[in-house]
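**Q** Here you go, one structure.
What follows is calculated from the coordinates using simple rules that are stated; it is not laboratory data. On a predicted model such as this, the values are computed, not experimentally measured, just so you know. Counting neighbours? That spans all protein chains shown, and the Cβs are built from the backbone with ideal geometry, glycine included.
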Protein chains: 2
Amino acid sequence: TYGIPFKDCLILVYTAIEEADFLAIDGEFSGISDGPSVSALTNGLDTPEERYTKLKKHSMDFLLFQFGLCTFKYDQKDAKYVTKTFNFYIFPKPFNRTSPDIKFICQSSSIDFLASQGFDFNKVFCHGIPYLNHEEEAQLREQTEEKRSQQANGVGTPSYISPSCSKGPAHVPDEHKDFINRVVEKVEALFSSTEKTVDLEPCTGFQRKLIYQTLNWKFPKGLHVETMEIDKVVKLNVCLRLLACDFYWSKGMQLNDAVGFSRVIHAISKSGKLVVGHNMLLDVMHTIHQFYCPLPNDLQDFKEVTMCVFPRLLDTKLMASTQPFKDLINNTSLAELEKQLNESPFKAPQIEAAEGFPSYNTAKEQLHEAGYDAYITGRCFISMANFLGSFLTPPKAYVSAHSKLIEPFYNKLFLMRIIDIPYLNIAGPDLQPKRDNVLYVTFPKEWKTSDLYQLFSAFGNIQVSWVDDTSAFVSLSQTDQVQIAMNTSRYAESYKIQTYAEYIQGRQQEKEKQPPT
Amino acid sequence: TYGIPFKDCLILVYTAIEEADFLAIDGEFSGISDGPSVSALTNGLDTPEERYTKLKKHSMDFLLFQFGLCTFKYDQKDAKYVTKTFNFYIFPKPFNRTSPDIKFICQSSSIDFLASQGFDFNKVFCHGIPYLNHEEEAQLREQTEEKRSQQANGVGTPSYISPSCSKGPAHVPDEHKDFINRVVEKVEALFSSTEKTVDLEPCTGFQRKLIYQTLNWKFPKGLHVETMEIDKVVKLNVCLRLLACDFYWSKGMQLNDAVGFSRVIHAISKSGKLVVGHNMLLDVMHTIHQFYCPLPNDLQDFKEVTMCVFPRLLDTKLMASTQPFKDLINNTSLAELEKQLNESPFKAPQIEAAEGFPSYNTAKEQLHEAGYDAYITGRCFISMANFLGSFLTPPKAYVSAHSKLIEPFYNKLFLMRIIDIPYLNIAGPDLQPKRDNVLYVTFPKEWKTSDLYQLFSAFGNIQVSWVDDTSAFVSLSQTDQVQIAMNTSRYAESYKIQTYAEYIQGRQQEKEKQPPT
Ligand SMILES: Nc1nc2c(ncn2[C@@H]2O[C@H](COP(=O)(O)OP(=O)(O)O)[C@@H](O)[C@H]2O)c(=O)[nH]1
Ligand SMILES: Nc1nc2c(ncn2[C@@H]2O[C@H](COP(=O)(O)OP(=O)(O)O)[C@@H](O)[C@H]2O)c(=O)[nH]1
């Protein structure tokens, strides 16, 4: 079975986000890069703009088809975190003849990797939750409005219980006690029947609020409640318990549920909470691209959209690659990071799954599912955050997600394999390394890395970053060697050397020559 | 469970092809068209070259991921056909770091359609059979040769039983009777054990041949046999029975099994048998593209490759759209065609599944799987072929796949939605309709079909075929009106008319201006 229908879980998601201290996310994609190879697309001396442009061009035609969300709520009393993990399978199911027929690329190595991890593709392709981006949602809303004004209003629309009213034990005024008790009895009767709804006597908004508060307090184990008006009768719809963390799209769902998974992203966005991910640039790009709008061409515009959608991001790979962690952690891939953070000088954090939600045993091998990876990412964040507390006087064992100690890591997304720019700074201008020790060398196709080492053998240690098959960047270890290298090349015929500054200037001029698109 | 490992079924496939009178095939793809819409890509006045170019450009990046093969063997004695149906799930699993990392497109409408039919995507992505095209096979062969010459020859390679020796009851010379009986006893013991192999006493090639003949004769129900040399001991590997028509890729398979599914296509090709399909142009293009070589740019070259791979093709959709069937059949989609061919004046053919192979009940709703569609296609072919026999004197109830009556339909593949060219002629030049009643009209973006009807209202009935949003072909019902229409348009400013001949000439000139690619 495939867990519970998506619509029935939305209220759980909303509540989990609302009560959380921070959120962790992870996406699985149908592929990473449609270029010849990942390494050909990531040059060690890319500028942030170049890297963004490459990822946008070569990665956005893949599908983000599994989204993991793990919410972390700190329980002060027991000094532990309580998690709720969700695994969403996502598929752009076309709704009707006018809805867009999405095409996406699959990369066989990525698919094969997921297959080897036991990934269930039927959950994506047969039961995946659909979604719409902002523009599509607006279009559908228009269509639906039109229909609605044509038809008489008949079938009821569900009105979700607002997350804010699920807190605290209920105080029921005396005059409503009888009414509330009758409702509670009816709901309790559901446990031993196959019914899932309770007809309500006519009641006021205040009475409904009392119902929600009472039921959430009496049945906290994943029970959730919503009201629905069908043919003028208000019914109470009760979902007894959350058994799996997988959610699927059910056939009976309405056209106006088409916004589908995008609602979850909207809720994350609106919450304004800290969103943690591991090596999360692609996750962020895909999320915005699929659920909000096509990515802008310009990096600056992308940063602005990102700040709107995710006002507070934190990348655990960047955190782990930054002091004081950098010297203590030698492998920042998620699985390795998690292992190291369970050992001294770090401390494994106290984490427990909320009742009805899946709990993971990190010591055992687990399926590679997005919810699990999100959970592990959140775990890593907690260990690192708490470690920062050990530098305080007096030391603190618990550092909250809102602590000033975390702020230096906000909104900086790890940039893979760039030599001298560790992160993309979403909230401001990027680092501008001088690169005045860098040469841009052009040469015949036949040349190999060894030819470059030979050519520059007089200048000490060098670092080669290939651009294409006839050019590369060569970083010299000493900047004062640059002029000498330039001079030596003056009369060379088989190769050509430019300084990095000359190269950038040349590209800029070329760009200006092109008509704007 | 997923049927039996692909390697174990190859021998069954070879035998089925070898003994068949004709073959029927069908493919399922991850999508049909990556253009804006299928209709935008198929103009009613496309030339065969244009249509081929469009299909090549907009359809070949999808994956053919299920291939159905149904072999039909005529049983003279019982006057019935015996079928063997195979469903192959296909996936380009990368073997090692040097093997190509294939990217393919999925179209959500196609995926959703298959999902609604109960298609099992895990069979494709987790258990799909890999394949190599000719070039990749050659590369791998080179690599393997290198390795082989380096290593000592140790592990045995399976030597498949050649299809030709599976015929006829065995005549066992007296001096070998004891030996053969001992083998038969050992094999019979397998039926009541979990063992799957039998160790052979040392024996000659002739004795092995006797084993094959005897076993195939004694156990015809899908039992198959192969020998394998492991550590110098010859083992007899026996697969007891074929329970499902699905075949999967098993983990233990060797690198030199990487040619995988391509072997099936090679066998079909080598057999030279009649291959029947329904609306099969895309099937043929995908098959060649995936398992032989990238499609040539030129239509003429494509025809030549196709004749090499499939020397004898027959398209049931084209057959059903041609006289004498055209007037009797009003819907040529596969499901509708099948229904009509079960009723007068046609006759439902006598068909039976071979023992151990799946049998289909056409009266019941069936999963939309490629093997079933291949079966139905073959069924339609038989009904139509037999119907042709009713015109003979004396009438014949059975017309074989080799009959002269079928020849007019050979190698003509149905062309969808072209007004005046019903088929692509693989074995020769295409029909060249004059199209001297056709005008090419250019107009402002705002125009709709109704504007064209209005413009040509004086010229009787017209047919409009849109080219893009500012041009269309307009076919007049009478050719003598063309000159009048041309004259009227001479001083028009908002639109422009050319004859079809002028249009083609213009395109030709444009093409010549472009540098060859
Ligand atoms: N997220 C992300 N992954 C990339 C990118 N470029 C390549 N990859 C691939 O993603 C893999 C994951 O890397 P990493 O995050 O360090 O390891 P993980 O934390 O264990 O997933 C790499 O090995 C690359 O194959 C990129 O820009 N972003
Ligand atoms: N095989 C094939 N299918 C196409 C082509 N162009 C579009 N299609 C799609 O394939 C569908 C199948 O058409 P048809 O063969 O007539 O019906 P079927 O026999 O029931 O599958 C059409 O409805 C189109 O959506 C094409 O060139 N070849």
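**Q** In what order do A:203, A:106 fall by count of nearby beta-carbon atoms within 10 Å, going from fewest to most?
**A** Working: A:203 17, A:106 22.
Taking fewest neighbouring Cβ atoms as first place, the list is A:203, A:106.
**Q** Would you order B:140, B:64 from fewest to most other beta-carbon atoms within 10 Å of each residue's own beta-carbon? List each step's numbers first, then the result.
**A** On the way: B:140 19, B:64 24.
Going from sparsest to densest Cβ surroundings: B:140, B:64.
**Q** List the distances, in nm to one decimal, from the label point of residue A:450 to the label points of the same position in every other copy, shortest first, placing each label point 7 Å from Cα along the Cα-to-Cβ direction.
**A** Result, one decimal in nm: 7.5.
**Q** For the charge dipole of region B:384-517, defined by +1 on Lys and Arg C-beta atoms and -1 on Asp and Glu C-beta atoms about the Cα centroid, which residue among B:452, B:479, B:494 has the Cα displaced farthest towards the positive pole?
**A** So the residue we want is B:479.
**Q** List the distances, in nm and shortest first, from the label point of residue A:118 to the matching label points in every other copy, placing each point 7 Å from Cα along the Cα-to-Cβ direction.
**A** Result, one decimal in nm: 2.7.
**Q** Can you check what the net charge comes to around residue A:103, using other residues whose Cβ is under 10 Å from the Cβ of residue A:103 (Lys, Arg +1; Asp, Glu -1)?
**A** So the surrounding residues net to -4.
**Q** Rounded to whole Å, how close does chain B get to the rotation axis onto A by Cβ? Give me the residue too, please?
**A** B:121, 2
**Q** Let me ask you something else. Can you pick out the pairs among B:93/B:186; B:80/B:303; B:347/B:404; A:73/A:404; A:73/A:326; A:235/A:270 whose Cα atoms lie more than 26 Å from each other? Display every interim value, and only then the final one.
**A** Numbers: B:93/B:186 38 Å; B:80/B:303 34 Å; B:347/B:404 20 Å; A:73/A:404 18 Å; A:73/A:326 28 Å; A:235/A:270 29 Å.
Beyond 26 Å: B:93/B:186; B:80/B:303; A:73/A:326; A:235/A:270.
**Q** Averaged over its residues, how many other protein chain Cβ atoms are within 10 Å of peptide A:120-129's Cβ atoms?
**A** 5
**Q** Using Cβ contacts closer than 10 Å as the measure, can you line up B:184, B:399 from fewest to most? Please report the intermediate quantities before stating the final value.
**A** Numbers: B:184 15, B:399 19.
Result, fewest neighbours first: B:184, B:399.
**Q** Moving on. Using a cut-off of 12 Å between beta-carbons, work out the net charge of the residues near residue A:428 (Lys and Arg +1, Asp and Glu -1, residue A:428 not included).
**A** Values: positive: A:303, A:412; negative: A:304, A:430.
Net of charged neighbours comes to 0.
**Q** If you don't mind, another one. First measure r as the distance between the Cβ atoms of residue A:177 and residue A:19, then evaluate 1/(1 + (r/R0)^6) with R0 = 35 Å and state the FRET efficiency to the nearest 0.05.
**A** 0.80
**Q** Return the FRET efficiency for the residue pair residue B:134, residue A:457: r is the Cβ-Cβ distance, R0 is 51 Å, and the value is rounded to the nearest 0.05.
**A** For R0 = 51 Å, the calculated efficiency reads 0.70.
**Q** A further question on this structure: Please get the size of the charge dipole for region B:51-109, origin at its Cα centre, with Cβ charges of +1 on Lys and Arg and -1 on Asp and Glu, quoted in debye to the nearest 20.
**A** The calculation lands at about 200 debye.
**Q** With r as the distance between the Cβ atoms of residue A:504 and residue A:402 and R0 = 45 Å, compute the FRET efficiency 1/(1 + (r/R0)^6) and round to 0.05.
**A** Taking R0 as 45 Å, the efficiency between residue A:402 and residue A:504 is 0.65.
**Q** Can you list the copy-to-copy distances for residue A:146, using a point 7 angstrom from Cα toward Cβ, in nanometres, shortest first?
**A** Those separations, rounded to one decimal, come out as 6.2 nm.
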